[in-house]
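Heads up: the structure comes next, in structure tokens.
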């Protein structure tokens, strides 16, 4: 099989925008690690808008981007992927919420989403969610299911989803999960409050909303990119040096040629699981 390497580029930090709300405090520990090791191990993944703005939307690696920004480094190495690339897809994470009574989670969501109502079954609710007939589904550990009717206005839909996450973000803990049923997760989360299930999105929908200035809730988008550039270990000095962008780009290409010549790049055509990360 022919080897297709990821596209790596040097980009201005100021031209990369987030697609979701993010807590910048999470980037501080990474900033210290970057300062200590002097390399950026795994480049963030970005996608160009193609709207003439020269901007890129970050898909993965917001903490790395924020850490580089806080270090005062003007440029970052990034993997660039196109919206219609065959190796790019988008899935949705759900939130498993724990640490508060289910009644408190239900009350908080009812206050932020007045349309929240009981649903007949979890399976039917998920099917309706994927048909865009519902905005959000809540699965409780006692088996009850609630849902919110869909809205046609996409910015309003995003506002409602952000309101839902904000309702429990400050009062409970939550993790991303692919599971829908709160009863299934009882063993892993003894104090589980419920599972908040989000609708699927398409890549172009995310791009259009973000280009218009809207942000998604934290931790619900899951961009899948193949191939993925890992363990690049690009020196921060090469990013921080006072030189024009085109000079830094040319240096990156030379650096990549050197890595190829030294057989320092390994390509896995098959899905790979690493055990030393």
Ranked by Cβ crowding within 10 angstrom, fewest neighbours first, how are 152, 125 ordered?
152, 125
Over 23 Å, how big is the tail of the calculated P(r) for the range 94-197, in percent of all Cα pairs?
17
Apply the a/c threshold of 1.5 to the C-alpha gyration tensor of the chain and tell me whether it is rounded, prolate or oblate.
prolate
Tell me the angle of helix 27-37 to the major Cα principal axis of the chain, expressed in degrees between 0 and 90 and rounded to the nearest ten.
30
Which of the peptides 35-46, 189-200, 17-28 is most tightly packed, and how do the rest follow, going by the mean number of other Cβ atoms within 10 Å of each residue?
189-200, 35-46, 17-28
Just subtract the alpha-carbon distance of residue 117 and residue 131 from 0.36 nm times their residue separation and send over the number in nm, one decimal.
3.2 nm
Label the range 1-103 by shape, choosing from rounded, prolate and oblate, from the square roots a ≥ b ≥ c of the eigenvalues of the Cα gyration tensor; if a/c is under 1.5 it is rounded, and otherwise prolate applies when a/b is larger than b/c, oblate when it is not.
oblate
Students often get this wrong: which residues of the range 72-99 have the backbone nitrogen under 15 Å from the point 7 angstrom along Cα-to-C-beta of residue 222?
89-97
Distance from the range 195-226 to the range 252-266 (C-alpha centre basis), Å:
34
Projected-area average for the range 181-254 over all orientations - Cα convex hull basis, square nanometres:
9.6
Would you mind checking the tilt of helix 102-112 against the longest principal axis of the Cα atoms of the chain, expressed as 0 to 90 degrees and rounded to 10?
80
Quick one: if the Förster radius is 22 Å, what FRET efficiency do residue 152 and residue 50 give, using the C-beta to C-beta distance and rounding to 0.05?
0.30
Using the per-residue mean of other Cβ atoms lying within 10 Å as a proxy for protection, in what order, highest first, do the peptides 105-111, 166-172 fall?
105-111, 166-172
Starting at 0 and stepping by 10 Å, how many percent of the alpha carbon pairs of the range 1-52 end up in each bin?
15, 42, 31, 11, 1
For the chain, what is the calculated [θ] at 222 nm in deg cm²/dmol (nearest 500), taking -39500 (n - 2.57) for each run of four or more DSSP H residues and dividing by its residue count?
-9500 deg cm²/dmol
How much length would be gained if the chain were fully extended between residue 205 and residue 85, taking 0.36 nm per residue of separation minus their Cα-Cα distance, in nm to one decimal?
41.7 nm
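We did not get these values from a lab; they are worked out from the coordinates using the rules stated. Note that the structure is predicted; figures quoted are calculated from it, not measured. Backbone-built Cβ (ideal geometry, glycine too); neighbour counts: all protein chains shown.
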